[in-house]
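Accompanying notes for the structure given below.
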Amino acid sequence: MKETITSLQNKIVKEVYSLKDNKNIKEKHMFLVETMHLVEMAKDNLEYVLTLNEIPSISCKQYIVNKEILEKCSNNKSYSKVIGVVKQLEFEFVKDDTLIYLDNIQDPGNLGTILRTCLALNIKNIIVSKDCCSIYNLKAIQSSEGALFKVNIKVGDISLLKNLKEEGYRIVSTSLSKDSILLNNLEYKQKTVFVFGNEGNGIRSSIIELSDNKVIIPINNIDSLNVGVSLGIVLYTYLFNIKSLK
C-alpha cells in the first residue's frame, strides 16, 4: 500500500521527524533506520517507510515523498533516499556458552561496532547495562551495519552477572590491573561472560571484584585501545586461538 505526501506539515512527516529525538523513541517505542540496506535488514519489523520511489521488496505501508521531506527527516548530512520507521524489537535472549556484558558504553559508534563484531564472530547474545547508550540511536544502528536485527540484547546489571556466576558462568573482565593475566594465558572454558567497560573509566569496581579473571591485551607504544577494537581482539583470540588449542 502506498500514499503520496508532499507537505512538511503532514502528521506522518512530523512523527518521523520527532523520532530523531531519543526521548520520543522511548515514548513511542519506534525508531528510525536510513539507507536501503538497513531498511531491508529491518523489513520484518517495519511500521512504514518514507521513500522517493516505491520499493517492491517490502510489504509495509510506503509513503512516497519528495527530497525536501527526506532532508528534513534524515539524520545524515547527505539525506537518504529511504527512511524506515521500525517498531521496538523483541529479543529472545539465550544463555549461550559465551556471553558479552557491556558496562556503561557511551559512544553509539562503539556500541554499533561491538554488535557488528559480535555477529561476525557468531556471538548473538549480549547484555547491556542500564546506563549504556541506546541501542536505537541511529549512529549505533548504522555502525552495526544492521547487526542489531540479528542479535539478542538483554538489559541487566551486576545482579544478573551474580546470577550467571551462580549458574556456573565464569566472569572475565578486561582490565589494566597489575594482577591481570595476558589474554593468551586465559584458559578456554564453556559458560564464560566477557565484560567490556566504559570508554573513559573502564569497568566499574564492583564488577571487577566479582570477576573470576581479569585479562589484558599485550600492546606496545600506547596505553589503551578503543573498546570495540579490544572486544574484537579478545573474542577472536579466545574463540579461534585459545579454543583451538584445547
About the Cα centre, and with charges only on the beta carbon of Lys, Arg (+1) and Asp, Glu (-1), how big is the dipole of the stretch 27-178? Nearest 20 debye, please.
220
How do 4, 98 rank by accessible surface area computed with a 1.4 Å probe, from largest to smallest?
4, 98
Calculate how steeply helix 108-120 sits against the longest principal axis of the alpha-carbon atoms of the chain, using the helix alpha-carbon long axis, and give the answer as 0 to 90 degrees to the nearest 10.
70
Kindly provide the pair-distance distribution of the stretch 141-246 built from C-alpha pairs, with 10 Å bins from 0 and whole-percent values in order of increasing distance.
12, 43, 37, 7
Tabulate in residue order the Karplus-calculated ³J(HN,Hα) for the stretch 9-21, using 6.51 cos²θ - 1.76 cosθ + 1.60 with θ = phi - 60°, rounded to whole Hz; enter x for Gly and Pro.
8, 4, 4, 5, 4, 5, 5, 4, 4, 5, 7, 6, 9
Taking the Cβ-Cβ separation of residue 1 and residue 122 as r and a Förster radius of 45 Å, what is the calculated FRET efficiency to the nearest 0.05?
0.75
Please list, short to long, the whole-number percent of alpha-carbon pairs of the stretch 3-74 in consecutive 5 angstrom bins beginning at zero.
3, 16, 28, 27, 19, 6, 0
Can you give the accessible area of residue 170 in Å² (nearest 10), computed on protein heavy atoms with a 1.4 Å probe?
20
Per its Cα gyration tensor (rounded if a/c is under 1.5, else prolate when a/b beats b/c, else oblate), the stretch 84-198 is best filed as prolate
Based on the Cα coordinates of the chain, what is the per residue volume of their convex hull in Å³?
134
Based on the Kirkwood radius over alpha-carbon pairs, what value in µm²/s does the Stokes-Einstein equation return for the translational diffusion coefficient of the stretch 1-144 at 4 °C and 1.567 mPa s?
81
Report the accessible area of residue 6, computed with a 1.4 Å probe over the heavy atoms of all protein chains in place, in Å² rounded to the nearest 10.
100
Difference of contour (0.36 nm per residue) and Cα-Cα distance, residue 134 to residue 87
15.5 nm
If the limit is 31 Å between Cα atoms, which of 139/178; 11/124; 26/81; 20/189; 23/43; 150/214 go over it?
139/178; 11/124; 20/189
For the chain, longest principal axis from Cα atoms; helix 227-236 axis from its Cα atoms; angle between them, nearest 10 degrees, is 60
What do you get when you divide the Cα radius of gyration of the stretch 204-246 by 2.2 N^0.38 Å, with N the number of residues?
1.35
At a 1.4 Å probe radius, which order do 1, 41, 30 fall into by accessible area, largest first?
1, 41, 30
Which aspartates and glutamates, if any, have their Cα less than 16 Å from the Cα of residue 95, not counting same-chain residues under 8 positions apart?
157, 166, 167
Take the stretch 45-117, drop everything but the C-alpha atoms, weight them equally and run the Debye formula without solvent; then report log10 I(q)/I(0) at 0.15, 0.26, 0.27 Å⁻¹ to two decimals.
-0.75, -1.17, -1.20
Mind listing which GluC sites (Glu not before Pro) in the stretch 104-185 are in a DSSP loop and have 11 or fewer other Cβ atoms within 10 Å?
167
Among 100, 222, 158, whose mean-square fluctuation peaks in a Gaussian network model of the chain (Cα, cutoff 10 Å)?
222
Of 132, 118, which has the most accessible area with a 1.4 Å probe, and how do the rest follow in descending order?
132, 118
Using the heavy atoms of the protein chains and a 1.4 angstrom probe, tell me the accessible area per residue for the chain in square angstrom.
51
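The values are calculated or read from the model by the stated rules, or taken from the named source; none is laboratory data. Quick caveat: nothing in here was measured; it's all calculated off a predicted structure. All Cβ positions, even for glycine, are placed from backbone atoms using ideal geometry, and neighbour counts span all protein chains on display. The accessibility values were calculated without ligands, DNA or RNA, using every heavy atom of the protein model including side chains. Shrake-Rupley method; radii C 1.70, N 1.55, O 1.52, S 1.80 Å.
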